[in-house]
1. Positive end of the charge dipole of the chain (Lys, Arg +1 and Asp, Glu -1 on Cβ, about the Cα centre): tell me which of ASN13, ILE75, LEU54 has its Cα farthest that way.
2. At 1.4 Å probe size, with every protein chain present, just tell me what the per residue accessible area of the chain comes to in Å².
3. On the accessible surface of segment 14-57, probed at 1.4 Å, how many percent belong to carbon and sulfur atoms?
4. Evaluate the charge dipole of the chain about its Cα centre and quote only its size in Debye, nearest 20, assuming +1 on the Cβ of each Lys and Arg and -1 on the Cβ of each Asp and Glu.
5. What is the magnitude of the charge dipole of segment 6-55 about its Cα centre, with +1 placed on the Cβ of each Lys and Arg, -1 on the Cβ of each Asp and Glu, and no other charges, expressed in debye to the nearest 20?
6. To the nearest 10 degrees, how steep is helix 2-103 against the longest Cα principal axis of the chain, on a 0 to 90 scale?
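The values are calculated or read from the model by the stated rules, or taken from the named source; none is laboratory data. This one's a predicted model, so the numbers in the text were calculated from it and none came from an experiment. Counting neighbours? That spans all protein chains shown, and the Cβs are built from the backbone with ideal geometry, glycine included. Just so you know, the surface numbers come from the protein's heavy atoms only, side chains and all, with ligands and any DNA or RNA stripped out. Shrake-Rupley method; radii C 1.70, N 1.55, O 1.52, S 1.80 Å.
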Amino acid sequence: MSHQGAALQSYNNELVKCIEDLCAKRDDLHRQALQEEEEKNKLQNDIRVLTERLAKVNESLARKMAARNEFDKTIAETESAYMKILETSQTLLNSVKGSIHHMDGGKGHKMEYGAK
């Protein structure tokens with residue numbers, strides 16, 4: 001019977017050792033899971049912060065693009081008006097030159113401007 005008792009004790013010791021190993025592995029796994037949970041929470045917070053920042057940048061960009069489009073529109077309208085002024089000035093100059101030529105009788109005299 002002592003041989004059986006010794007074998008039983010040996011099995012018991014091995015079983016306790018296996019249970020202790022399993023508990024150690026479980027504790028290690030639990031520690032790793034807690035670390036990953038902490039990392040996950042940090043990443044989720046980073047995503048939230050970056051998402052908010054992205055939204056603000058998108059809003060700012062939209063405002064700047066709208067302002068730039070207004071500048072483009074104003075520039076185009078101003079350039080168009082300026083070109084009309086140039087065309088009108090050219091037309092007026094040609095008209096005045098024609099009138100001077102007509103008043104001169106086509107003799108080629110130059111009229112002095114500002115003379116009375």
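1. Of ASN13, ILE75, LEU54, it is ILE75.
2. Working: 10970 Å² over 116 residues.
Computed with neighbouring chains in place, this is 95 Å² per residue.
3. Numbers: 2550 of 4200 Å².
On segment 14-57, the fraction of accessible area on carbon and sulfur atoms equals 61 percent.
4. Numbers: 18 positive and 19 negative charges, 216 e Å.
Dipole magnitude for the chain comes out near 1040 debye.
5. Values: 8 positive and 11 negative charges, 27 e Å.
In total the dipole reaches around 120 debye.
6. 0 degrees
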